[in-house]
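To keep things clear, I will list the structure first and then write my remarks on it.
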Amino acid sequence: MMQNHANLAWLVLPAAALLGPLGAALACTYARAIADGAMVDGSTLQAAGRAVLLQKDSARVSVPLALLCAVLLGLAGVPFVMQPSVTEAARFGVCVVLLVLALIDIFCGLLPDALTLPLMWAGLLAAWAGIGVSLHEAVPAAAGGYLLLWAADRAFLFFRGRAGMGRGDMKLLAAIGAWLGWAALPGVLFTACVAGMVFAFLWRGKTAWQGSLAFGPFLALAGAVGLLGGPVVQFIF
């Protein structure tokens, strides 16, 4: 029986190869709809999803991007392959959503509530069901994640006279907190900030502090590392 479960667990890798390009296509199609004036709501996301699944008016995805997404989700599936469980399956699903959110933020500079809020509620329900962290860790982490970035944004507004980040970033950190618990939040935020600063300096050089930069992809990356970091690193080495 254990051998059968182990064999079935490897099916997550073909699933990753399929879901990676589909997630990229969904993000591209949604971003194109927003650029054309569509509403930033769930109906637009649903329409983009139908377009991708039915291959009708779906945005084309470059081969490098499709391969990158497939590889990233393949790494996200490694913990489930190593130790199949409901928790690891749920974390793989979270990584799929985080990938789509990161791409949407890159393409159109927003994080839709239609993905961040269900991700947060799913984390709280999973904690209530005994999957992942406990409920008394997930609830304060979700609230604290939102309030932490809200306070940082208010401070930035006070000193600089303009908002420092969008509400989507706050809701995304709340969702990540619901899945990881409060103890992981400082590490997630630190990782996201360092990754964002390094990217900004490599991309813009001395002008790194000028202009805006989508923070969602770095939060998503840090959240995925928090969910999968240990098993993936063990697998690689």
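At-a-glance table
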read-out: Residue within segment 120-134 that is under 30 Å from ALA33 (Cα atoms), surrounded by fewer than 22 Cβ atoms within 10 Å (Cβ to Cβ) and among the hydrophobic types (A, V, I, L, M, F, W, C) present; value: yes
read-out: Index of the failed condition, GLY144 passing every other in (1) at pLDDT below 95; (2) surrounded by 21 or more Cβ atoms within 10 Å (Cβ to Cβ); (3) not aromatic (Phe, Trp, Tyr); value: (2)
read-out: Subset of segment 69-94 [of a type in the set (S, T, N, Q) and either in contact (Cβ under 8 Å) with a residue 60 or more places away in the chain or surrounded by 20 or more Cβ atoms within 10 Å (Cβ to Cβ) (or both)]; value: GLN83
read-out: All positions within segment 110-141 that are in a helix (DSSP H, G or I), within 15 Å of VAL86 (Cα to Cα) and of a type outside the set (A, V, I, L, M); value: GLY123, TRP128
read-out: Output for segment 190-221, where each listed residue is of a type in the set (Val, Ile, Thr) and either at pLDDT 70 or above or on the phi > 0 side of the Ramachandran plot (or both); value: THR191, VAL194, VAL198
read-out: Check on ALA38, buried (at least 19 other Cβ atoms within 10 Å of the Cβ) and closer than 23 Å to LEU117 by Cβ; value: no
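The values are calculated or read from the model by the stated rules, or taken from the named source; none is laboratory data. Quick caveat: nothing in here was measured; it's all calculated off a predicted structure. Don't worry about glycine lacking a Cβ; one is built from the backbone with ideal geometry, like all the others, and counts go over all protein chains shown.
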